[in-house]
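Input: a single structure, listed below in structure tokens.
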Amino acid sequence: MADASDAVHSLTDEVLGRLAGCTDARFKQLMTALVTHLHDFAREVDLTGEEWMQAIQFLTAAGQQCTDKRQEFILLSDTLGLSMLVVALAQARASGGAQGATPATEATVQGPYYWEGAPDRPLGFDIGEGVPGEPALYTGRVTDTDGRPLAGALLDVWSGDGEGNYDMQMADNTEMRARGRFRTDEQGRFWFWSIRPSYYPIPMDGPVGRMIERMGRDPNRPGHIHMMVSAEGHVPVTTHLFVADSPYIDTDVVFGVRDSLIVPFEQHEPGTAVDGRPMRKPYWSAHYDFRLAPGPSA
Ligand code: BEZ
Ligand code: FE
């Protein structure tokens, strides 16, 4: 019979031994590592019963906060950097054998505000019409990793507005705002209008918000526009373009910023924009070329 101090060390092996009958090799690998790391964590911090009960109450509250519009566990994963780590691992795995002069555009977190079924729009369309914020012209190309243009590539675009709010966060959120799907032309080019997105805080009214406060962290994401870019025969990428001089560019609460995704937004006086649109007020422009690696498109 093992005493308490033996159990501190022997319990882990005992629990792992109960996986002997597990026939799913990957599940067995995941559970073995999970149990090992959980037990090591408890030993390392000498976890007390009160602390573990607090953690259980936190997880319970996270579950209770979830609705069809709010996923507190994803927010927890985002704010602990786990979502971004999983994204980075997936991209490294997908590009493992890929050849190309330059790497594919870096991926980042999808976030909770993607809304499937945004309308198809012609190049040059303004998805920022009626949306609070300063107008911005987005231009660029989609190419493969050897720089060859990808005609007909799809850009599924969404962002918050110039005040940091997404349409989905509005009380009566039946209408899409600042969303659209664009297809590149024969030379792989795209251009469209929207607004220059503002920084905004993640939802702070739940247990994750209380965790962020207790950790002494800032809750904001820097200004960014989301894009899902895809093309036949190429690995799709879900990413953002970040506004270079946005506040919080160095402290994104979900760790999504990559240097390669930071884009300078150039300010323009009223006049004719490069796409020929007459602008009666000042506007911004941002340029970015996306690169997709060859591979399965779904
Ligand atoms: C977003 O960028 O939309 C987002 C990402 C993670 C958590 C909250 C929001
Ligand atoms: Fe966002």
When segment 199-243 is checked residue by residue, the ones that are assigned to a loop (DSSP other than H, G, I, E, B), more than 12 Å from ligand 1 (Cβ to nearest atom), out of contact with any helix residue (DSSP H, G or I) (no Cβ under 9 Å at 6 or more places or on another chain) and over 30 Å from S297 (Cα atoms) are G216
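Mind checking which residues of segment 185-198 are more than 16 Å from P112 (Cβ to Cβ) and either at pLDDT below 95 or within 16 Å of ligand 1 (Cβ to nearest atom) (or both)?
Step one: list which residues in segment 185-198 are more than 16 Å from P112 (Cβ to Cβ), which gives 185-196, 198.
Residues satisfying the conditions are S194, I195, R196, S198.
Can you tell me which residues in segment 213-245 are within 18 Å of the chain's Cα centre (by Cα) and either away from ligand 2 (no atom under 12 Å from the Cβ) or acidic (D, E) (or both)? Show your work before the answer.
Step one: list which residues in segment 213-245 are within 18 Å of the chain's Cα centre (by Cα), which gives 218-230, 235-244.
Across segment 213-245, the qualifying residues are D218, P219, M228, V229, S230, V235, P236, V237, A244.
Given the criteria more than 21 Å from V229 (Cα to Cα), surrounded by 18 or more Cβ atoms within 10 Å (Cβ to Cβ), in contact (Cβ under 8 Å) with a residue 12 or more places away in the chain and more than 15 Å from the chain's Cα centre (by Cα), does A62 qualify? Talk me through it step by step, then tell me what you get.
On the way: more than 21 Å from V229 (Cα to Cα): yes; surrounded by 18 or more Cβ atoms within 10 Å (Cβ to Cβ): yes; in contact (Cβ under 8 Å) with a residue 12 or more places away in the chain: yes; more than 15 Å from the chain's Cα centre (by Cα): yes.
Yes, satisfied.
Identify all residues within segment 154-175 that are outside any strand (DSSP E or B) and either in contact (Cβ under 8 Å) with a residue 60 or more places away in the chain or more than 14 Å from ligand 2 (Cβ to nearest atom) (or both); write none if there are none. Spell out how you get there, then give the answer.
First pass over segment 154-175, keeping only residues outside any strand (DSSP E or B): 159-175.
Passing the criteria: S159, M168, M170, A171, D172, N173, T174, E175.
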So D167, is it at pLDDT 90 or above, buried (at least 16 other Cβ atoms within 10 Å of the Cβ), within 16 Å of ligand 1 (Cβ to nearest atom) and within 18 Å of D289 (Cβ to Cβ): no
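What tally of residues in segment 254-298 results from selecting those that are in a strand (DSSP E or B) and closer than 30 Å to E72 by Cβ? Show your work before the answer.
Step one: list which residues in segment 254-298 are in a strand (DSSP E or B), which gives 262-263, 266-268, 271-272, 278-279, 283-292, 294.
Next cut, closer than 30 Å to E72 by Cβ only: 262.
Final tally of qualifying residues: 1.
Suppose we filter segment 111-153 for residues that are within 18 Å of S260 (Cβ to Cβ) and within 16 Å of ligand 2 (Cβ to nearest atom); how many remain?
From segment 111-153, those within 18 Å of S260 (Cβ to Cβ) are 138-147; that's our starting set.
When the remaining residues are screened for being within 16 Å of ligand 2 (Cβ to nearest atom), the result is 138.
So the count comes out to 1.
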When you go through (1) closer than 30 Å to R258 by Cα; (2) surrounded by 10 or more Cβ atoms within 10 Å (Cβ to Cβ); (3) not aromatic (F, W, Y) one by one for R43, which number turns out not to apply? (1)
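The values are calculated or read from the model by the stated rules, or taken from the named source; none is laboratory data. Because the structure is a prediction, the values reported are computed rather than measured. Note that each Cβ is placed from the backbone with ideal geometry, even for glycine, and that neighbours are counted across all protein chains shown.
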